[in-house]
4 protein chains.
Amino acid sequence: MKAARLHSYDEDHLHVDEVPEPTIQGPNEVIVRIGGAGLCRTDLHIIEGVWRGTLDPELPHVVGHENAGWVEEVGSAVSTVAPGDAVIVHPLKTCGVCLGCRRGEDMYCANGEFPGLAVAGGMANYLRTVERSLIKLAGNLEPKEVAPLADAGLTAHRVAKKAARILPPGSTCAIIGVGGLGHIALQSLRALSPTDILAIDLIEDHRKLAEQLGADQVVEGGDGVVDRVKEKTGGRGVDAVIDFVGEHGTTQQGPAMLVQGGTYFVVGYGGSVDVPALTYIFNEVSTVGTLVGSYTDLVELMELAARDKVKLHMQEYGIDDVNQAIDDLYAGKVQGRAVIVP
Amino acid sequence: MKAARLHSYDEDHLHVDEVPEPTIQGPNEVIVRIGGAGLCRTDLHIIEGVWRGTLDPELPHVVGHENAGWVEEVGSAVSTVAPGDAVIVHPLKTCGVCLGCRRGEDMYCANGEFPGLAVAGGMANYLRTVERSLIKLAGNLEPKEVAPLADAGLTAHRVAKKAARILPPGSTCAIIGVGGLGHIALQSLRALSPTDILAIDLIEDHRKLAEQLGADQVVEGGDGVVDRVKEKTGGRGVDAVIDFVGEHGTTQQGPAMLVQGGTYFVVGYGGSVDVPALTYIFNEVSTVGTLVGSYTDLVELMELAARDKVKLHMQEYGIDDVNQAIDDLYAGKVQGRAVIVP
Amino acid sequence: MKAARLHSYDEDHLHVDEVPEPTIQGPNEVIVRIGGAGLCRTDLHIIEGVWRGTLDPELPHVVGHENAGWVEEVGSAVSTVAPGDAVIVHPLKTCGVCLGCRRGEDMYCANGEFPGLAVAGGMANYLRTVERSLIKLAGNLEPKEVAPLADAGLTAHRVAKKAARILPPGSTCAIIGVGGLGHIALQSLRALSPTDILAIDLIEDHRKLAEQLGADQVVEGGDGVVDRVKEKTGGRGVDAVIDFVGEHGTTQQGPAMLVQGGTYFVVGYGGSVDVPALTYIFNEVSTVGTLVGSYTDLVELMELAARDKVKLHMQEYGIDDVNQAIDDLYAGKVQGRAVIVP
Amino acid sequence: MKAARLHSYDEDHLHVDEVPEPTIQGPNEVIVRIGGAGLCRTDLHIIEGVWRGTLDPELPHVVGHENAGWVEEVGSAVSTVAPGDAVIVHPLKTCGVCLGCRRGEDMYCANGEFPGLAVAGGMANYLRTVERSLIKLAGNLEPKEVAPLADAGLTAHRVAKKAARILPPGSTCAIIGVGGLGHIALQSLRALSPTDILAIDLIEDHRKLAEQLGADQVVEGGDGVVDRVKEKTGGRGVDAVIDFVGEHGTTQQGPAMLVQGGTYFVVGYGGSVDVPALTYIFNEVSTVGTLVGSYTDLVELMELAARDKVKLHMQEYGIDDVNQAIDDLYAGKVQGRAVIVP
């Protein structure tokens, strides 16, 4: 089969190689025929060697951690999916028996394995995964149209869900960055809460997209954004901030926009969240991190997608054009998310 | 009546002056005869001029924001307390009609006034306050024995209550600093949750007190404390940290002790909480500020005190000895909390 | 001024009398010029004498407990509203100092008074109430258009809010009865949750309205409704039921529609909820009562109304036509809610 | 091996038979050498044929659904337990892949199997179960001393945990029935909440035990109990009731003891909970069912047991004396719970 693989950290692109198809090796395993694999900024970081010390997959390494497709073959103990089923693949292979898994917190699995990051991923014709990672798709959803929901979308939904719990009618939530994750979070939050959504982005097209997707107000990002947000909210500030940028000043701006009792949700990274203890106390604010999402978070997101309440903007590439997709992503030319279709 | 007053920010002590007694000026007001007024580090900061620009009370200023005593006189609209009732005084005078008050979040009152900080406090024979600030004491509680629960205790209880919600059996909570607030928080947390309490303090006497009050483990604070905590928890770390120090390195140490999904509650201040966005995300941790507490938080704390589940360690001074109390507090000679009894 | 009053329980109608205007009698009181007063089934019950032993207002009695209008005059201690402000009136006059009030649970006020039920209500030119009962209207809302939200709408919103907390994407909520309360609850739930809403009503017009307001499915009520609901949900049943009927069999049907772990919210009354203990246990279901709503619940509902997310269907009557409105309500001729405009 | 088996619903006792030892039949299975198997009223009901139509196990049937012991042998895919480990056995064998399991709600497993009820149980030398059902015991816990915690204790803990969430300091919780489940719930609630516990029982010895275990007040059950509870609580009533009887009038008494906003938790069964809709609404009360407990509930309970915060009162019988144990249980002669030790 064809697979997009990283050969060396000294190169800035992938190779599309002919490799053997994966085979079932355990009773709970499943082979998925890939319908689409999302290309993510994390893939660029892998190629750049950013994760070299941390994840260190064996080279050549098949990338692709946002996968959807059809079940091809199942292990002897698999009971909930069958060949032919259209599925999306939760990004972590989890054990199901550690305490994290038993609590429903898949990302805290003590024995998790991350295809596409640490082991072979889905930017290929077939992926080897486990039954526990699979969610069957509703009849109206195409694998390639939802693949990036497996990771980018899941992260966006989990944080939107956390935020929605503290956002009653009359509250305001700022979303910083209406890109790949932000445009999903906006839709998910719209579905989960009647809060006023104030979308912040440096790019005008992103702000326009935000308005189309249901943002109540849009604000230009960058210098002076805190003042602009205060002005838009009658001097009050916002009850929650979801920051999908996490660098270039947003980690200072985000906490500074909050009302007393507010919460800053940080999802993007690069910067540091440096807030005096006295500010945390006087304003009684919180900073909350968020890490991808659980299997049941993804189940919920797919229910939203099946009802058309969350819709991904995507751009399709053949697997042979994977390096073109990478170049386009670097160049900011991708509309929404790039999806590789093998 | 006698009142302990600050005359000038150029002095390092208070004056005990003869001043007119306060009188009822509105229908909801109440005059409280003071049974005890706690002396707090914040009082030292007021004398030092730390709050000069922020609070700026008119000088001479009567200090004392941790008050308890007996109702002396009530305004025409007061219905829930009567002369002779023993009461503790919530530290903030609140309006009862703003949205913060209506939600039960007294500290978010849009029109609050802070006796002892911004207007005349309770280190005197009498205090003018409002009905909304008063909680009747159970028959077995003496005003002077509970006065510091009004602010120090309330802050400790609120954070213990927040923490208890995420601390099931088998979890561990670290308390950094077992002083005036910490020793209350420890008892409150012990009453609210079966979590394993790991008390951290630089001072051996404080660690001994922690053990007497029900800490499951004690650890010496300072350099290397993160390693010591990890060792005590089998390498795992703790599910929550409550930091009553908030400076001298604890704002780095606290977040570093957390397990994945853990929460760092910051109460002490002075330092800054500087954590990379990536750490918030990878560990899915949170930093949560906490600000004194609501009226109903104080009601709950007094219920614990009435059942002997929270007991304050206090040292009594006459009002004429207020400067001795101040000197003792600076010198670290106060056992528990100093209470001025007029 | 004019007022619609009940003279005797032996009559079946009200009298429109000329009576003295109410006057301010305490510092926290407010006189409201009525813009609209909702007519409610509870008013019919008052006229019928159903509440005679329980509420027993002095006769002649001014009815009207769903009021909105403009502030006419304020007491000396009132600070948050001023003459001319358009307001809606929370149905209970609360004390603000009991523990129920301090927790933000207005309906649990130990000293509450119910205008229109126990004391003079708002079906008149003017109403005497208290500052604590008033919420200022957004500029785009007319008093007469929102008056019934004060009680019927508030009850509907509170239960929708309780239900929304347990209704993630992919869940289903049945609403039994899409009348005055139900059509508000449907809109409120639509705003608060992406759950699938299944509306049940005996009347086809009500089912059509439900579809227009965003119900995902509609089902005819009455005999066999449990089977019809099971069929619509693939045999599964629903995660929550909100029952606005509470008699004529719905208290049996509601619990019987639930999935394991589901909740039956009961709002309508007349019948009894009789469920074997074994059923509660095996299915791990709950029955939850709900009582009008708090001030902050009403604040939230008005935020939804201001954003057009909740819209009341109303039919206007002059005060001289109040008995016509009563007749129409008995005859089932009122579209949505009847509002008396003095 | 020896096994206590039901041969026929026409007999009133079990047979201790020599039967083949169970063997591993799937990769996730585990054979447990039984250290203790609790004897439960449900076992009596099985013998009596009460469950005949519902569960209908193949006869002869090995009973025993409250099991603890040591791992004897493990299937090929088992990774978290090893031969020799002391373990307690969650009563349900769950699939781990259905949505109930993925949410951490084991009792909602779509494919669960109940050893001792529907398939062969643990009143024998060996039990066949699955890895997902096993929790390793802390070093200070003996299997036979904790076996009844697997089901009776788990049910008690789950309901205590639900109740604790709504029981702040100053609240009161009534426990009806301080028998096998009640005496565990009392200890669990004591560990989880500082609420005032009011224990109700017909039997004086049970009331004495309740006091020893930390009940704040005890009240004699039966006729007039509602008045007695009101009297003990100053006319107020209780915030929550946990009813372990569920018949003989307690399903009327329980709801009648509640304060406004209170919750009636029903665990025992036999009776019906028949409450007018109007009562649910006027008092805004709830009835909440509870079904055994999840794996993580049992993990928490074992943490409490390991810290001596929950201690089971048990009486030991050899497997050959199983019918003596049954007779003693019928005769009310068992102190705490009977445990069969093979």
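Taking each residue of D:296-303 in turn, how many C-beta atoms of other protein chains fall within 10 Å of its C-beta, and what is the average?
4
Short version: which residues of region A:269-287 lose at least 30 Å² of accessible area, all chains versus chain alone, 1.4 Å probe?
A:TYR269, A:SER272, A:VAL273, A:ASP274, A:ALA277, A:LEU278, A:TYR280, A:ILE281, A:PHE282, A:GLU284, A:SER286, A:THR287
What is the antiparallel percent of DSSP beta bridges lying wholly in chain C, to the nearest 5?
Counting only bridges with both partners in chain C, antiparallel ones make up about 50 percent.
Let a ≥ b ≥ c be the square roots of the eigenvalues of the Cα gyration tensor of region B:120-192; is it rounded (a/c under 1.5), or, if not, prolate (a/b larger than b/c) or oblate?
Cα axes put region B:120-192 in the prolate bin.
Name the shape class, rounded, prolate or oblate, that the alpha-carbon gyration tensor gives for region A:233-286, where a ≥ b ≥ c are the square roots of its eigenvalues, rounded holds for a/c under 1.5, and otherwise prolate holds if a/b is larger than b/c and oblate otherwise.
Judged from the Cα gyration tensor, region A:233-286 comes out oblate (a/c at least 1.5, b/c at or above a/b).
Of B:VAL275, B:VAL238, B:VAL16, which has the largest mean-square fluctuation in a 10 Å C-alpha GNM of chain B?
B:VAL275
Distance from the Cα centre of region B:1-67 to that of region D:295-342, in angstrom?
Each part reduced to its Cα centre gives a spacing of 62 Å.
Quick check on region B:214-331: what are the equivalent-ellipsoid semi-axes from the Cα gyration tensor, as sqrt(5λ), descending, whole Å?
Whole-Å semi-axes of the equivalent ellipsoid: 32, 19, 16.
Over the protein assembly as shown, what percent of the accessible surface lies on carbon and sulfur atoms, probe 1.4 Å?
Here carbon and sulfur together make up 46 percent of the probe-accessible area.
Can you spot the lysines whose alpha carbon is less than 29 Å from A:LYS136's alpha carbon? Ignore those fewer than 8 places along the same chain.
A:LYS2, A:LYS93, A:LYS144, A:LYS161, A:LYS162, A:LYS309, A:LYS311, C:LYS230, C:LYS232, D:LYS93
Report the relative contact order of region B:154-289, percent, no decimals, based on alpha-carbon pairs under 8 angstrom and at least 6 residues apart.
It comes to 21 percent, rounded to a whole number.
List the residues of region A:170-205 that lose 10 Å² or more of accessible area once all protein chains are present, compared with their chain alone (1.4 Å probe, heavy atoms only, no ligands or nucleic acids).
Buried by the other chains: A:GLY170, A:ARG190, A:ALA191, A:LEU192, A:PRO194, A:ASP196.
Would you list D:GLU72, D:GLU284 from the most to the least accessible area, probe 1.4 Å?
If we order D:GLU72, D:GLU284 from most to least accessible, we get D:GLU72, D:GLU284.
Can you give the convex hull volume of the alpha carbon atoms of chain B per residue, in Å³?
Convex hull of Cα atoms, per residue: 135 Å³.
How large is the helix-only mean residue ellipticity at 222 nm for chain C, computed as the sum of -39500 (n - 2.57) over DSSP H runs with n ≥ 4, divided by its residue count, in deg cm²/dmol to the nearest 500?
-7000 deg cm²/dmol
Compute the separation of the alpha-carbon centres of region B:164-186 and region A:91-136 and state it in Å as a whole number.
Taking the Cα centre of region A:91-136 as reference, the centre of region B:164-186 is 35 Å away.
Packing-wise, with mean Cβ within 10 Å as the measure, how do B:84-95, A:55-66 rank, highest first?
Peptide ranking by packing, descending: B:84-95, A:55-66.
Restricting attention to the alpha-carbon atoms of region C:154-289, what are Rg (one decimal) and Dmax (integer), both in Å?
13.1, 39
Output the Kirkwood hydrodynamic radius of region C:59-204, Cα pairs only, in Å rounded to one decimal.
The Cα-based Kirkwood calculation yields 16.9 Å.
For region B:1-57, what are Rg and Dmax over the alpha carbons, in angstrom?
When restricted to the Cα atoms of region B:1-57, Rg and Dmax are 13.6, 38 Å.
With every protein chain left in place, what is the accessible area of C:ASP196 in Å² (1.4 Å probe, nearest 10)?
Here the residue's solvent-accessible area equals roughly 30 Å².
Could you work out, residue by residue across B:145-157, how many beta carbons of other chains sit within 10 Å of that residue's beta carbon, and then give the average as an integer?
The mean count of partner-chain Cβ atoms within 10 Å per residue comes to 0.
Suppose we look only past 44 Å in the calculated P(r) of the protein assembly as shown. What percent of the Cα-Cα pairs does that tail hold?
Within the protein assembly as shown, distances greater than 44 Å cover 47 percent of Cα pairs.
Taking a 1.4 Å probe, which of A:ASP12, D:ASP321, D:ASP328 shows the most accessible area, and what order do the others take after it?
A:ASP12, D:ASP321, D:ASP328
Any chance you could check the Cα centroid distance between region A:236-254 and region B:191-215 for me, in angstrom?
37
Per residue, how many Å² of accessible area does chain D show with a 1.4 Å probe?
On a per-residue basis, 36 Å².
Could you report the buried accessible area between D and A, both sides summed, computed with a 1.4 Å probe and given in Å² to the nearest 100?
That pair of chains buries around 1400 Å² in total.
The values are calculated or read from the model by the stated rules, or taken from the named source; none is laboratory data. The model shown is predicted, which means the values in this text are computed figures rather than measured ones. Reconstructed Cβ throughout: ideal geometry from the backbone, glycine too, with neighbour counts over all protein chains shown. Only protein heavy atoms, including side chains, enter the accessible area calculation; ligands, DNA and RNA are left aside. Shrake-Rupley method; radii C 1.70, N 1.55, O 1.52, S 1.80 Å.
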